[in-house]
Amino acid sequence: WNATNATTNIQAAIDSGDPLVVLDYHDTPWYTTPLYLRRANQEIWFANGAHVMALAGSFHGIRDCLFTFQADNVTLNGYANRVNTNGGIATLEMRKYDYMDTNVYTFSEWRYLVRLVGTDNCTLKGLWLARAGGDGIGVGGGSYNTLIQDVVCDDNYRQGLSIFSVNKLTVINSAFQNTQGTAPKNG
């Protein structure tokens, strides 16, 4: 655990190839720069109330995303209730309003919270995705068999969910709300 920048810790756990990675609850968020899911057959559990947040002053690349899926059979699971009982939904959050300052950041509408690129059999469930500098979720690159369940995308800059190129996408009991920033500003 690193209270000021947990990027190295989180990325090392993901890169370990362990089939289960757990981000537990802390009183402050897991602050991080972009993270990459490159190992197949892995599940990332977020404890109740766990909060992963974009590190302030980071994400200057116009396509920097909080989580980028680059492997098959990967799940981000916000239902890891077995980990602790602090309550609250697991949250993934960026700093949309910071990125809108073009004196500091190059204009971009592609800073997603979660980006899936050419993946197969990937799942997002039980998560609150807030304040992306682009879309809450972007699915493309010929992704296949994607499940989004019980996810709320709130106050994102461009879209709650963008579907670019995917076969067999299922979205269940999810909400895409308060999108505001740049066109098309839809769910």
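A few points about this structure:
- Within region 90-108, the set of residues being of a type in the set (S, T, N, Q) and under 18 Å from Ala130 (Cα atoms) comprises Thr91, Ser108.
- When Asn9 is tested against the conditions (1) crowded, with 17+ Cβ neighbours inside 10 Å; (2) farther than 19 Å from Lys125 by Cα, the lone failure is (1).
- Those residues of region 54-66 which are within 16 Å of Arg115 (Cα to Cα) and more than 11 Å from the chain's Cα centre (by Cα), in sequence order: Phe59, Gly61, Ile62, Arg63, Asp64
- Pairs meeting the criteria (first residue in region 1-16 and more than 17 Å from Arg39 (Cβ to Cβ) and at pLDDT below 95, second residue open to solvent by 50 Å² or more (accessible area, probe 1.4 Å) and part of a loop (DSSP other than H, G, I, E, B), beta carbons under 6 Å, at least 6 apart or on different chains) are Ala3/Thr28.
Matching residues to (1) free of Cβ contacts under 8 Å to residues at least 40 places away in the same chain; (2) within 24 Å of Val117 (Cβ to Cβ); (3) not polar (S, T, N, Q):
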{"position": "Thr28", "(1), (2), (3)": "yes, no, no"}
{"position": "Leu37", "(1), (2), (3)": "yes, yes, yes"}
{"position": "Val52", "(1), (2), (3)": "no, yes, yes"}
{"position": "Ala71", "(1), (2), (3)": "no, yes, yes"}
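- Enumerated strands (runs of 3 or more DSSP E) restricted to region 91-151, each holding at least 3 residues that are in contact with a strand residue (DSSP E or B) (Cβ under 6 Å, 6 or more places away or on another chain), surrounded by fewer than 24 Cβ atoms within 10 Å (Cβ to Cβ) and modelled with pLDDT of 95 or more: 120-130
Residue-wise test of (1) among the polar types (S, T, N, Q); (2) in a strand (DSSP E or B); (3) over 25 Å from Asp98 (Cα atoms); (4) open to solvent by 20 Å² or more (accessible area, probe 1.4 Å).
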residue	(1), (2), (3), (4)
Gly17	no, no, yes, yes
Tyr31	no, yes, no, yes
Arg39	no, no, yes, yes
Trp45	no, yes, yes, yes
Asn48	yes, no, yes, yes
Val52	no, yes, no, no
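- Identity of the residue in region 56-80, surrounded by 17 or more Cβ atoms within 10 Å (Cβ to Cβ) and out of contact with any Lys or Arg (no Cβ under 9 Å at 6 or more places or on another chain), that ends up farthest from Lys125 (Cα to Cα): Asp72
The values are calculated or read from the model by the stated rules, or taken from the named source; none is laboratory data. None of these values were measured; they are calculated from a predicted model. In this analysis, Cβ positions are derived from the backbone assuming ideal geometry, glycine residues included, and neighbour counts consider all displayed protein chains. SASA here: full protein model, heavy atoms, side chains in, ligands and nucleic acids out. Shrake-Rupley method; radii C 1.70, N 1.55, O 1.52, S 1.80 Å.
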